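Before any comments, here is the structure.
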Amino acid sequence: IDLGSGDGRIVFAALKDRPGVQGIGVDINAALVAKANAAAGAQNLGNRAQFLHQNVFDADLGKVDVIFMWLFPELMRLLRPKILREARPGTRVVAATWDMGTWPADVTDEQTGNYTTVRLWHVPARVGGFWEWETTI
């Protein structure tokens, strides 16, 4: 899923040469969503690419394997609790340029020149709650 998918170029790149992959784009701009859906049809990807006119906070993150976003840093940090709450453990989160505040990236590819920094996080397993154990020490 691409949160803030715009014209769909990230989803289209993810689908290229990957016949079994499906992609979802979410954007609040109805005109860009219409443009992306039209482009999906023109590229014969209508059965694999879907673009939704939706607020990113309403996106269903529970069934995706990869979350991509290139949003304002404040918005990405506001999305962090939603991602940690809804995405399955192991889901990959990829973001260009910005970080997620106090959630450090698992991998950072810092480029120079005309390239942007890309970060990767893996959604951790949920281990919160009450734990009890005994030790022989």
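The values are calculated or read from the model by the stated rules, or taken from the named source; none is laboratory data. Since the model is a prediction, treat every value here as computed from it, not as a measurement. Ideal geometry is used to build each Cβ from the backbone, glycine not excepted, and the neighbour counts take in all protein chains shown. These area figures cover heavy atoms from the full protein model, side chains too; ligands, DNA and RNA do not enter into them. Shrake-Rupley method; radii C 1.70, N 1.55, O 1.52, S 1.80 Å.
Rolling a 1.4 Å probe over the protein heavy atoms leaves Thr97 with an accessible area of roughly 40 Å². Listed by chain and number, the lysines whose C-alpha is less than 27 Å from the C-alpha of Lys35, apart from same-chain residues fewer than 8 away, are Lys16, Lys63.
For region 30-69, the fraction of 1.4 Å probe accessible surface lying on carbon and sulfur atoms is 52 percent. Couplings for region 12-17, taken from phi via the Karplus curve 6.51 cos²θ - 1.76 cosθ + 1.60 with θ = phi - 60°, read 4, 5, 5, 7, 4, 6 Hz in order; Gly and Pro are left as x.
Counting only DSSP beta bridges with both residues in the chain, the antiparallel share comes to about 40 percent. Cα-based values for the chain, radius of gyration first and Dmax second, are 17.2, 67 Å. Cross-link reach is defined here as a Cα-Cα straight distance under 19 Å, omitting same-chain residues fewer than 8 places apart; for Lys82 the aspartates and glutamates meeting it are Asp2, Asp27, Asp58, Asp60, Asp65, Glu74, Asp99, Asp106. Across region 84-100, coupling constants 3J(HN,Hα) worked out from phi with the 6.51/-1.76/1.60 Karplus curve, θ = phi - 60°, read 5, 7, 9, 6, 6, x, x, 4, 8, 10, 10, 9, 9, 6, 9, 9, 10 Hz, and Gly and Pro carry x.
Can you give the charge dipole size of the chain about its Cα centre, rounded to the nearest 20 debye, using +1 on the beta carbon of Lys and Arg and -1 on the beta carbon of Asp and Glu? Provide the component values of the computation, followed by the final result.
Numbers: 14 positive and 15 negative charges, 71 e Å.
So the magnitude is around 340 debye.
What is the sum of charges around Arg119, taking Lys and Arg as +1, Asp and Glu as -1, for the other residues whose C-beta is under 10 Å from the C-beta of Arg119? Net local charge, Arg119 excluded: -4. With the charge dipole of the chain set up from +1 on Lys and Arg Cβ and -1 on Asp and Glu Cβ about the Cα centre, the Cα lying farthest toward the positive end among the listed residues Gln50, Thr135, Ala125 is that of Gln50.
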